Every structure is written in structure tokens, then in C-alpha cells.
Amino acid sequence: MNETLKEVLKTSLYFLGLLLVALFIVTFIGQRTVVDGNSMNDTLFDKDNLIVDKITYRFKDPQRFDVIVFPYQKSTRNYFIKRIIGLPGETVYIDDDGNIFINDVLLEEDYGKEVIRDPGIASKPILLGENEYFVMGDNRNDSFDSRFYAVGNINRKEIIGRAWLRVYPFNKIGFVKKKDK
């Protein structure tokens, strides 16, 4: 009986250790998330499974064109995946032709799937605060993003991490990178 008790205790401690390691990884290093919708087409697609890197932004600031994950402000269970367009302290403006301007300079980028039809609140210049980011989906005309009051600017502390690795579908496994600009 004594040997059986030792074996049960040993096995229980082993599984407890595994659980603690898994909890540490999910809390501080990375977590899996699933893309829901088409707002990031042609970079990410509905039902893509991603690993979110939660550690990089502990050591450096998010950069323009990073693809980030953050909670939707009106829900604790829904997360958005968008691309950073505007950085803290910058002014973002989208004209009637769908051009994006950062500090009155045309943004050179080609992530957008098509010409922006609705600049939303960015039809007037938006000055980003010291810890604020302006984000947009790559499928600009099918994206609920910083152009709309319900999403607005994203505070640095709200960012969970950056989309790092697509793990499903298997034929598209690979890192989520920003293009060289």
C-alpha cells in the first residue's frame, strides 16, 4: 500500500508540474487564437489558428505594420486581430480617395486589399495619445477597426501580443510577418 501511495503521489506531482508549466506558457509567453472573420484577408483567413507571442512587447514597443491581438472593448471573450497603422504621438487621416496619411505624409503600404471606401472617424485627423495605436484590418472595407468609435484607438496596455505563427491549416503553416517596406 505504501508503494502504491508513493506512485500515485509521484504521478500527481508530475501532472501538477505539467499543468503549472502550461499555465505559465499560456499566461506569459504565448497562446493559441482562431481568426474569426475576413477582416485580415489576404494575410490571414477565417478559421486560421495562430500562436500569439505575448512576450516580445514586454521588451520592445509594437511597430508599424505588426499584426496584433487585443480584446474588443465591449466584450471580455472576443479578441480582434488587426495591423498597426498609426503609432503613439502621430496624426492619422484618411482622405476621400482612401489614402492614409501619417503626420500629413502619404503612408506607403500595400496591405489593404482594396481602396478604402469609408474613412470613418479618420476622415478628420486623429491625434494618437502617448500610448495609443491606430489599427486596421487588411480587408479595409470589411473590417471593424480604429476608424469606428466602438473600437477606436488601442491603448498599449490592451495589446495581448502579436500574431506570430499560423499553425492551421497545415498547408499554410508559417510565421506571420510584415512585408519588407
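Screening the stretch 121-158 for residues that are among the aliphatic types (A, V, I, L, M) and modelled with pLDDT under 95 and picking the one that is surrounded by the most Cβ atoms within 10 Å (Cβ to Cβ) gives VAL151. Considering the stretch 44-61, the residues that are more than 11 Å from the chain's Cα centre (by Cα) and basic (Lys, Arg) include one that is farthest from VAL34 (Cα to Cα), namely LYS60. Per the conditions (1) closer than 19 Å to ARG162 by Cβ; (2) surrounded by 11 or more Cβ atoms within 10 Å (Cβ to Cβ), the sole criterion not satisfied by ARG58 is (2).
Restrict the check to the stretch 118-132 and report whether at least one residue is under 27 Å from ARG32 (Cβ atoms) and among the charged types (D, E, K, R). For the stretch 118-132, residues under 27 Å from ARG32 (Cβ atoms) and among the charged types (D, E, K, R): absent.
Okay, residues lined up against (1) under 20 Å from PHE148 (Cβ atoms); (2) surrounded by 13 or more Cβ atoms within 10 Å (Cβ to Cβ); (3) of a type in the set (Lys, Arg):
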position: MET40; (1), (2), (3): yes, yes, no
position: ASN49; (1), (2), (3): no, yes, no
position: PHE70; (1), (2), (3): yes, yes, no
position: ILE84; (1), (2), (3): yes, yes, no
position: GLY89; (1), (2), (3): no, no, no
position: ASP95; (1), (2), (3): yes, yes, no
position: ILE102; (1), (2), (3): yes, yes, no
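Quick check on my filter: what residues within the stretch 160-176 are in contact with a strand residue (DSSP E or B) (Cβ under 9 Å, 6 or more places away or on another chain) and surrounded by fewer than 21 Cβ atoms within 10 Å (Cβ to Cβ)? Hits for the stretch 160-176 are ILE160, TRP164, LEU165, ARG166, VAL167, TYR168, PRO169, LYS172, ILE173, GLY174, PHE175, VAL176.
Considering only residues that are assigned to a loop (DSSP other than H, G, I, E, B) and free of Cβ contacts under 8 Å to residues at least 40 places away in the same chain, which ones fall in the stretch 154-181?
Filtering the stretch 154-181 for residues assigned to a loop (DSSP other than H, G, I, E, B) gives 159-160, 169, 173, 176-181.
Answer for the stretch 154-181, where residues must be assigned to a loop (DSSP other than H, G, I, E, B) and free of Cβ contacts under 8 Å to residues at least 40 places away in the same chain: ILE173, LYS177, ASP180.
If you go through the stretch 94-109 and keep only what is free of Cβ contacts under 8 Å to residues at least 60 places away in the same chain and in a loop (DSSP other than H, G, I, E, B), you end up with ASP95, ASP96, ASP97, GLY98, ASN99, ASN103, ASP104, LEU107. Within the stretch 106-117, take every residue that is of a type in the set (D, E, K, R) and surrounded by 13 or more Cβ atoms within 10 Å (Cβ to Cβ) and give me the one that is modelled with the lowest pLDDT. Checking each candidate, the answer is LYS113.
The values are calculated or read from the model by the stated rules, or taken from the named source; none is laboratory data. Given the structure is predicted, the values throughout are model-derived calculations rather than measurements. So basically every Cβ, Gly included, is an ideal-geometry build from the backbone, and we count neighbours across all protein chains shown.
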